[in-house]
Structures are given as C-alpha cells and as structure tokens.
Amino acid sequence: MPKPPGDVPNRQVTPPPELEKRTRRRFSPAEKLRILDQADACRRGELGALLRREKRYSSQLQQWRRERAEQGVPGKTQPGPAASKSPHQRRIEPLEQEHARLVRQLTITQECIDLQKNVTAVRSREQWEWCMNQVVHQPPEGIPLATVCTALGLNRSSVYARRRAGGISEEARAQRRLRRSAPQPRALSAAERQALREILYSPTYRDQPPAEIHADLLEHGQAPASLSTLHRLLRADRATGERRAPRPAQHPAIPRRVATAANQVWTWDITQLPTTRRGPYLSLYVVMDLYCRYTLAWMVSRQENSALAQYMMQEAIGR
C-alpha cells in the first residue's frame, strides 16, 4: 500500500466567520442605474461581456428597467395601501374574506340540496331527462356548472352537447355538414401546390422556416400563397419540424489525470451533510490525493461558496 504524502499534523481547516456570513451581492439604486446606463450604451455584442463582468442576467436588467420606468429609481419600493392600515384592520380582512367564502359555499350547497330534492320527486325513468332539461334550459344562477352536474349526476360534456344542439335545427345542421364537405373555392390547384413545393424545397429556402420564406418572398414582390398555406403544405409532407440538417453527434475527449506518485494530482469535492433538523445542512469540503486517497484537508461549513473553497485550497497548499 502506498505511503501517505508526508505527515500532516492537522488536516482540519476552520472556516473564517466573515466568509460564512457572505451573502449574495446586493446592488444599490445608484449601482443599478450605472449598470443600466452602461447596458444602454453597449453596442452589438458588448452586452454579454458587461453581464459576465457584473455577474448579472439579462432578466435582471429587464426588471431594473421596469422599476426605472415605474418609479424613476430601480430598487426603491413605493409604500402601498397596506402600509397605511392598522394591525387590527390587517387581522380583520382575512377573516372577512373567509366569512364571505363560507357564506357562498353554504348558499351553493343549499341550492344543490334543493335540486336533489326535486329529482327525488320525479319518477326514476324520467330523472335523467328532467335533470338535463333543468340544467340546459333553466340553469341555477350563481352556481358553477361543475357543481350542479356533480349534484345531479350529469356529465358536463353531455350538457354542453345538449346546449349546442338545442338552438340549432336539423336543417341548419345539414347545411353546416354540407359546407364542411364542400371544397374551398380559393384553394390552390395541383400545379400551384407543386410550384410552391419547388420553392419550399429549393436550395435557397430548404433550410429556412416558413415565416422567413414568406417574408423574403414578400420583399421580392412575390406572394404565391399565405403563411398558413405554407404551413399546410409542409404539414401534409410531414416536414414541419427542424428543416436544417442535424448536427452530428459530438464525442469530446474526456479529461483524464494519471498520478504515478503522491502529490502529483489532487482532487476535491463538496458534499452535503444532513442535520438533526429538517432543512438546514452542512457542507463538507474535502481535498484528497489521487494516488493514495489520502485526505489532505477537510472543512465543515454552514455555507457553500467559492470564497470558502479558495480559502480551504490555500490552507491545504500552505500546509
């Protein structure tokens, strides 16, 4: 068995308290305005470098812009109407809302009980038809349709179908079926569809989506069909997906490290340790020698950040 790389008397590293209290970076309103001014002055391709330098995201810039447009200075919240309310009023409002909800629920329950009592008074073979006519032609006011259907044992789909069929005569339904089966008078002919397919699959447009093809044709003064027609033709040919050739599978080389002796390659990792309480956990930082698996340094902290990792690595190198 290989020997450990030297005798390290104390391998435990104690994290500094100031690094454990480290939190996320906070920006003052002046700093937000400075970053927004720099972002507005960026030319094409420079915004990404600014975001990487400031360690921000584009979504945060959008949020700051909205705050600047609404309040003038991002980050300063205006006192809302809730700030002027007394503690007594803030306690009463949820109770009043809960009381109104319970009163409405009680009213709906009472209406459903009355409907069920009427159903029991009707003969069994006529119950379903009576309930359906009651819901379709005389729906109870202020009660959700789902609640009424559950109370009467009806299917909502059947109720919707009965409502649609109730206001349409048989002659109107026959005319609607005839219109659906009739061909579209403005539809393209077979020759026009073939000419349009030749444009869609030409070397110029075979890799572009239908929206770009339609816009380019309009710029050149050509309008053989609408955008929906282009989508319809591609959908008929099952070519509505990605039209570009897919990128071949990449097999990048896996970085490998080989150690033939101690202190040639170190490896480190961070793992989470559960505590007796649910939620909080501890972070265990460990530095090991790849050759002999000897623990060079380890540290337990309540936080996990790059500053603590750098501090532990510097302590391990120094020792």
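The values are calculated or read from the model by the stated rules, or taken from the named source; none is laboratory data. These numbers come from a predicted model, not from an experiment. As a convention, Cβ positions derive from the backbone with ideal geometry for all residues, glycine included, and neighbour counts pool all protein chains shown. Protein only, heavy atoms only, side chains kept; ligands, DNA and RNA dropped before computing areas. Shrake-Rupley method; radii C 1.70, N 1.55, O 1.52, S 1.80 Å.
Things worth noting here:
- Most tightly packed first, judged by the mean number of other beta-carbon atoms within 10 Å of their residues, the peptides 47-56, 88-97 read 47-56, 88-97.
- Translational diffusion of region 168-312 was estimated from the Stokes-Einstein equation, with Rh taken as the Kirkwood radius over Cα pairs; at 4 °C and 1.567 mPa s the coefficient is 56 µm²/s.
- Counted charge near V287, where neighbours are those whose Cβ lies closer than 15 Å (Asp, Glu -1; Lys, Arg +1): +1
- Protein-only accessible surface at a 1.4 angstrom probe places the residues K85, K21, K117, K32 in the order K21, K117, K85, K32, largest first.
- Tail fraction, Cα-Cα pairs, the chain, threshold 28 Å, whole percent: 78 percent
- Here the simple spin-label model places points 7 Å from the Cα toward Cβ, and for F27 and S157 these points are separated by 5.2 nm.
- Given charges at beta-carbon only (K, R positive; D, E negative), |dipole| of the chain in Debye: 220 debye
- Highest mean packing comes first when the peptides 286-297, 237-248, 301-312 are listed by Cβ atoms within 10 Å, giving 286-297, 301-312, 237-248.
- Projecting label points 7 angstrom from Cα along Cα→Cβ for A253 and Q38 puts them 3.7 nm apart.
- Using a probe radius of 1.4 angstrom, the carbon and sulfur fraction of the accessible surface of region 130-251 is 50%.
- Nearest-ten-degree value, helix 29-41 long axis tilted from longest Cα axis of the chain: 80 degrees
- Among T14, T204, T109: highest mean-square fluctuation, GNM of the chain, C-alpha pairs under 10 Å: T204
- Förster radius 22 Å - calculated FRET efficiency between L282 and Q314 (Cβ-Cβ, nearest 0.05): 0.55
- To the nearest 10, the accessible area of W266 is 90 Å² with a 1.4 Å probe.
- Extending 7 Å from the Cα toward the beta-carbon at both Q63 and E171 defines two label points whose distance is 6.4 nm.
- Gain on full extension, evaluated as 0.36 nm per residue between N133 and A187 minus their Cα-Cα distance, stands at 15.2 nm.
- Angle in degrees between helix 170-181 and the longest Cα principal axis of the chain, rounded to the nearest 10: 50 degrees
- With protein chains left intact and a 1.4 Å probe, residues in the chain average 76 Å² of accessible area per residue.
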